Structure formats: structure tokens, C-alpha cells
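Visitor: Sharing a structure, written as C-alpha cells. Questions coming.
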Amino acid sequence: MYRSLTHDTTLQAMKTSLAGQQAAITRWNTELALAGRAQRGTRALLITATTADTAAQNRYATARTALTSAKQTLSKAQKQKPRSTAVVTRAKKAVAAAAKTVTLRKTQAQTASAKLAEAGKASRAALARVQKAEAGVKYETAAATKTRAAIAALPTAASYATQAATLSKDVVNQVRPAFKVTDTTQVYGVTVNKTVAFAFKRMIDDAKADGVQISGGGFRTTQRQIELRTINGCPDVWTAPSSSCRVPTAIPGRSLHEIGLAVDISSGGKTISSSTAAFKWMKVHAKQYGFVNFPAEAWHWSISGS
């Protein structure tokens, strides 16, 4: 029957998965935006750190060159004949100053190199974050696309209605010989065969959601069918055709009511007619749940239309 438990459960599970995938796509896109912003920030810091490191290394190299030059000047002053104490003293001071500058520039160069390394590490981490977010978006988008395709591939209401019509005669033929009263169950006070109970319940629920109240009379015993044949003025209980009764009533043993596969639909406590809102709703939707109308009786709906 259409809207079977399996189909509804599968569809609901797919919709839940799709909602989760769409939420994940949103989260990953948000993360991608944040990661991109962070990457741009770390890239700017890396450029600044690279520039600073280059400058620091150049200053360190210049300081070392200056120290070498100062040492050479001192060496010349010490070898000068006659030797000038003042010149040597100045040269020694120049060497000391140059050495001090080298130490300072070395420290600055080391600091700049460390900052450059940190900036490089941060930049790589930011890039990895971006790549992870991109992969997340790609994965969840592919998953959502696959789920949408799976939902679209589920059988439609029309295909289920066609299937129900095709199978209805087989269902009747299979159910009738082995039917027992215990094969029935109550659905909102209406006794029906368990094979149609879920679909019947969904039909009532969906009609209610559309503002249409549906109930009715389902299963009845063979004895009750005999009584109705008499009440409805059938010329003969066992042989007269249904059409010969004042109210069409099937011969006992042939009614789908006797196996719980037919329901006389009522709405608001009254049997429906072709002019009622309930009939109009049933006419449009009932096939989706496997129920077909018997044309001569607006109220009579079964899995085979008989």
C-alpha cells in the first residue's frame, strides 16, 4: 500500500540526512569564510615578517663587515711606525663598538628569523584550515546531491497507486481463504485488515491535516452481511445480485468488508455522498493509499473498488 512504513521511514531518514548535510554545508562555508580571512591575515604577517627578516639579516651582515673593517684598521694602527697611541686607542674603541653592534644585530636577526618561522607556521596552518573547509564543503555538497537524487528516485504516489491497483486482486485472493478475525485491528475505532491498517491510518491522518474528518465502518462478520442483505431488501440472501437490493449489498462471502479490506466512509458521523468534502478529498487522494471507490456507492472504498 502507498505510504507504507518502509517508504515513509526511508523517506524521513533521507530528509533527516539531507537536513544534516545542508546544515553541515552551511557550517563548512562559514568555516571556509573564517579560514580565508585568517589565511589573508597570516599571509600579510608572513610578508611583513619576511621583509623584517631580510632587513635584519642585511643589518647583521653589514655589522659583521664593519667589525672586520674595524679590526683591519686596528691592525694597521698597531703596525704603524711610529706607533700612535691615540690612533690605536680610537681603533680599539671602534672595534669594541663594532663588536657590540654585531652582537645586537645578531640578536635582532635571530629574533626576526624566529618570527618569520612562526609566521610561516601560522600561514601553513591557515592554508590547511582553508583546504579542510574546502574539502568539507565538497564532501557534504556531494553527499547532499546524492541524497536528493535518492529521494527523487523513491516511488511516487502515482506509481504506488498503480502498484496497489495491480496487486489488489492478488491480495484479496490471498487473504480471503485463510482470513481470521484476529487478522483485523482497530484504527481510530474502525476495524480493518492489518494489511491495510497502516495505509488507512495515514489516510485518516493526512485528511485531518487537510481539514477533512474521515471515519467509517470496516470489517463486519458474515452473519452481519446476511442481516444487511435482509435489511436492504435483497430478493434472496444467497443468490440475488447486489444490484437487486434497495441498497447494493454483496452476497455473503463475497464482500470485502468480511475480510476487512473495505470501508464505508463517513465524515462527521454521516455517510459521505459525492457532494461532500470528504468524498472530494478521497477522490483526489485515496488511490495514494491503495483505496478505490465503488462507483455506485460514494461511501464504499476498498483495495479493489468492489
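Each reported figure results from applying straightforward, stated rules to the coordinates on display, with no laboratory input. As the structure is a prediction and not an experimental result, all values here were calculated from the model. All Cβ positions, glycine included, derive from the backbone under ideal geometry; neighbour counts span all protein chains shown.
Visitor: Distances over 31 Å make up what percent of all Cα-Cα pairs in the chain? All intermediate terms of the calculation are to be shown ahead of the outcome.
Guide: Values: 28474 of 46665 pairs.
Here the tail beyond 31 Å accounts for 61 percent of pairs.
Visitor: Hey, with R₀ at 30 Å, roughly what FRET efficiency would Met14 and Ala277 work out to, going by the Cβ-Cβ distance, to 0.05? Each step should come with its number before you reach the end.
Guide: Details: r = 33 Å, r/R0 = 1.09.
Plugging the Cβ-Cβ distance into 1/(1 + (r/R0)^6) gives 0.35.
Visitor: Same structure again: Spin-label point model (7 Å from Cα, Cβ direction): what's the Lys81 to Lys180 distance in nm?
Guide: It works out to 13.5 nm between the two label points.
Visitor: While we're on this one: Determine, for Phe200, Phe219, Phe294, the number of other Cβ atoms within 10 Å of each Cβ, and report the residues in order from fewest to most. Could the numbers behind the result be given before it?
Guide: Working: Phe200 26, Phe219 23, Phe294 19.
Going from least to most buried by this count: Phe294, Phe219, Phe200.
Visitor: A further question on this structure: Taking 7 Å along the Cα-to-C-beta vector as the label spot, tell me the Thr230-Lys208 distance in nanometres, rounded to one decimal.
Guide: According to this spin-label approximation, the distance is 3.7 nm.
Visitor: Related question: Starting from 0 in steps of 5 Å, tell me what percent of the Cα-Cα pairs of segment 5-153 lands in each bin.
Guide: Spelled out bin by bin, segment 5-153 gives 2, 9, 10, 9, 8, 7, 7, 6, 6, 5, 5, 5, 4, 4, 3, 3, 2, 2, 1, 1, 1, 0, 0 percent.
Visitor: Further, regarding this structure: If every alpha-carbon in segment 236-306 counts as one equal scatterer, what log10 I(q)/I(0) does Debye give at q = 0.13 1/Å?
Guide: For segment 236-306, the Cα-only Debye profile gives -0.38.
Visitor: What ratio of Cα Rg to 2.2 N^0.38 Å holds for segment 70-121? Before the final figure, lay out the partial values.
Guide: Values: Rg = 17.5 Å, N = 52, 2.2 N^0.38 = 9.9 Å.
Computed over Cα atoms of segment 70-121, the ratio equals 1.77.
Visitor: Report, in cubic angstrom per residue, the convex hull volume of the C-alpha atoms of segment 194-278. Let's see the in-between values first.
Guide: Values: hull volume 8.1 nm³, N = 85.
That works out to 95 Å³ per residue.
Visitor: In whole Hz, with x marking every Gly and Pro, tabulate ³J(HN,Hα) for segment 233-249 from phi via Karplus 6.51 cos²θ - 1.76 cosθ + 1.60, θ = phi - 60°.
Guide: For segment 233-249, the Karplus curve yields x, 6, x, 9, 4, 9, 10, 5, x, 4, 5, 7, 7, 4, 10, x, 9 Hz.
Visitor: State the extension gain, in nm to one decimal, for the chain segment bounded by Thr50 and Ala296, taking 0.36 nm per residue of separation less the distance between their alpha-carbons. Before the final figure, lay out the partial values.
Guide: Values: separation 246, 0.36 × 246 = 88.56 nm, distance 9.03 nm.
Using 0.36 nm per residue and subtracting the Cα-Cα distance, I get 79.5 nm.
Visitor: Over what distance in Å are the Cα centres of segment 252-306 and segment 62-84 separated?
Guide: 116 Å
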